[in-house]
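Contents: one structure, followed by commentary.
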Amino acid sequence: VLHILGGGTKDRLLSQMSANSTGLPVVAGPVEATALGNFIIQLVALGALPDLASGRAAIARSEPLKRYAPADTDAWDNAYETYRKILTLRSEQ
């Protein structure tokens, strides 16, 4: 599974293309991952949360995550093979 965090998760095309090009399922979100992570660390430091695991669980419940399944991976594999051939040709020059 590939996790995408932050503002880039708003771009559905980026998330779907990431799944397609890697062949891995993508889980996108939360959008404000950095701020939420900072908040959780502070809550743990203050004793308001017992540990990071409980903070992660709270974040997971706070916003629905978007999931993307790989599709059309053959086209991406073919494009990657073409890219590799181009690199080989360039290195031979």
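Brief remarks on what is shown
- Check on residue 79, among the hydrophobic types (A, V, I, L, M, F, W, C), within 27 Å of residue 7 (Cβ to Cβ), part of a helix (DSSP H, G or I) and over 19 Å from the mean Cα position of the chain (by Cα): yes
- Counted residues, region 44-75 - those being more than 18 Å from the chain's Cα centre (by Cα), of a type outside the set (Gly, Ala, Ser) and farther than 22 Å from residue 30 by Cβ: 2
- When we screen 37, 6 for residues that are on the phi > 0 side of the Ramachandran plot and not basic (Lys, Arg), the only hit is 6.
- A Cβ distance below 6 Å, combined with a sequence gap of six or more or placement on separate chains, defines the contacts here; from region 39-61, residues that are closer than 18 Å to residue 5 by Cβ and loosely packed, with under 14 Cβ neighbours inside 10 Å reach no residue that is at pLDDT 95 or above and of a type in the set (Gly, Ala, Ser).
- Which listed residue, of 14, 43, is more than 30 Å from residue 78 (Cα to Cα), in a helix (DSSP H, G or I) and modelled with pLDDT of 95 or more: 43
- For residue 30, the conditions (1) assigned to a helix (DSSP H, G or I); (2) at pLDDT below 95 are fulfilled apart from (1).
The values are calculated or read from the model by the stated rules, or taken from the named source; none is laboratory data. All values reported here derive from a predicted model rather than from experimental measurement. Glycine also receives a Cβ, built like all others from the backbone with ideal geometry; neighbour counts cover every protein chain displayed.
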